[in-house]
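The values are calculated or read from the model by the stated rules, or taken from the named source; none is laboratory data. Worth saying up front: this structure is predicted, and the values here are computed from it rather than measured. Here the Cβ is made from the backbone with ideal geometry for all residues, glycine too, and neighbour counts use every protein chain on show. Remember, those area values only see protein heavy atoms, side chains included, never the ligands or the DNA or RNA. Shrake-Rupley method; radii C 1.70, N 1.55, O 1.52, S 1.80 Å.
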2 protein chains.
Amino acid sequence: MGKVKVATPTTNPSDLCCRPFTAGVLSAADAEELATTFKALADPARLRLMSMVASAPDGEVCACDLVEPSGKSQPTVSHHMSVLVDAGLLTREKRGRWAWYRPVPERLDALRGVLAP
Amino acid sequence: MGKVKVATPTTNPSDLCCRPFTAGVLSAADAEELATTFKALADPARLRLMSMVASAPDGEVCACDLVEPSGKSQPTVSHHMSVLVDAGLLTREKRGRWAWYRPVPERLDALRGVLAP
DNA sequence: ACAACAGATCGACACCCGTCGATGCAACTC
DNA sequence: GAGTTGCATCGACGGGTGTCGATCTGTTGT
């Protein structure tokens with residue numbers, strides 16, 4: 001029987017710290033947390049990987065289908081995906097020997113909420 | 001009479017390259033451009049500076065009022081502000097010996113548009 | 001049990017980036 | 001004109017990051 005390991009998200013789903021920064025000056029701690037999330041999106045390779053997952057017809061995508069179209073090596077892809085998962089932007093579910101990724105819309109919504117009211 | 005130099009935005013106001021990445025896989029070029037913008041927000045110090053400008057009561061803020069509350073040196077603040085201006089997130093206007101910064105809402109809106117439909 | 005395979009981890013390398021003191025530059029004051 | 005002030009630029013240092021080849025771990029198939 002196939003083993004299934006659901007990824008434990010390093011951070012909670014949609015609770016991003018901050019209100020829109022129109023609403024006041026960010027604390028040092030809040031800024032730190034927010035920056036980590038933006039940092040995950042601040043790389044071209046990760047943005048492309050992110051868009052591959054977000055635009056997947058089935059709502060999920062296998063890691064094996066990311067290496068070739070991304071043009072990066074397998075370790076590099078694995079690294080980038082871990083960064084995105086740690087940032088709470090994706091979830092990883094390991095089914096058999098394959099890893100499947102899904103977007104976390106709540107996280108993206110929370111991010112958008114910071115950029116404006 | 002006071003001299004006034006209006007900042008020339010390095011990039012155009014609101015034309016951020018990309019549609020929401022739910023809509024398809026980003027091209028390498030688009031990903032590069034988007035990443036530059038996110039990179040500007042991927043630093044705690046810049047996020048705090050950004051929030052100081054965005055939440056300014058008068059809609060603008062003087063650079064002289066940013067050094068002390070940010071806790072960074074004057075050259076560091078100047079560097080961060082340049083990054084934000086180059087990313088099109090802020091505009092700089094030099095009046096006399098002071099530099100005044102304003103947010104660029106269209107740019108933030110465009111960014112939000114990428115994060116979701 | 002053994003081979004094949006997907007993916008994560010490790011080690012190493014080059015490069016970028018945040019930071020600050022010192023300096024340069026332009027505008028205002030006297 | 002000389003001094004002052006606000007800001008940008010320069011040079012240098014330290015730490016972080018993207019990248020890949022090699023290796024390890026765990027699963028499937030024979």
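As for the range A:60-76, it holds at least one residue that is on the phi > 0 side of the Ramachandran plot and either in contact with a Leu (Cβ under 8 Å, 6 or more places away or on another chain) or at pLDDT 95 or above (or both).
Against the condition over 17 Å from the mean Cα position of the chain (by Cα) and either closer than 19 Å to B:PRO20 by Cβ or more than 13 Å from chain B (Cβ to nearest Cβ) (or both), how does A:ARG46 come out, does it pass? When the stated conditions are applied, A:ARG46 does not pass them.
Comparison of B:GLU32, B:GLU68 shows that the only residue that is free of Cβ contacts under 8 Å to residues at least 12 places away in the same chain and either at the interface with chain A (Cβ under 7 Å from one of its Cβ atoms) or buried (at least 19 other Cβ atoms within 10 Å of the Cβ) (or both) is B:GLU32.
Criterion first (polar (S, T, N, Q), surrounded by fewer than 21 Cβ atoms within 10 Å (Cβ to Cβ) and near DNA strand C (Cβ under 9 Å from one of its atoms)) does B:SER73 satisfy it?
Values: polar (S, T, N, Q): yes; surrounded by fewer than 21 Cβ atoms within 10 Å (Cβ to Cβ): yes; near DNA strand C (Cβ under 9 Å from one of its atoms): yes.
When the stated conditions are applied, B:SER73 passes them.
In summary, A:ALA110 fulfils each of the numbered conditions (1) surrounded by fewer than 21 Cβ atoms within 10 Å (Cβ to Cβ); (2) over 26 Å from A:ARG19 (Cβ atoms); (3) within 11 Å of another protein chain (Cβ to nearest Cβ) with the single exception of condition (2). For A:LEU26, state whether it is open to solvent by less than 70 Å² (accessible area, probe 1.4 Å) and facing another protein chain (nearest Cβ under 8 Å). So A:LEU26 passes the test.
The residues listed here are B:ALA54, B:ALA63; of these, the one that is free of Cβ contacts under 8 Å to residues at least 60 places away in the same chain and over 17 Å from A:ALA31 (Cβ atoms) is B:ALA63.
Scanning the range B:84-94 for any residue that is at pLDDT 95 or above, of a type outside the set (S, T, N, Q), within 25 Å of A:ARG107 (Cβ to Cβ) and within 14 Å of DNA strand D (Cβ to nearest atom) turns up at least one such residue.
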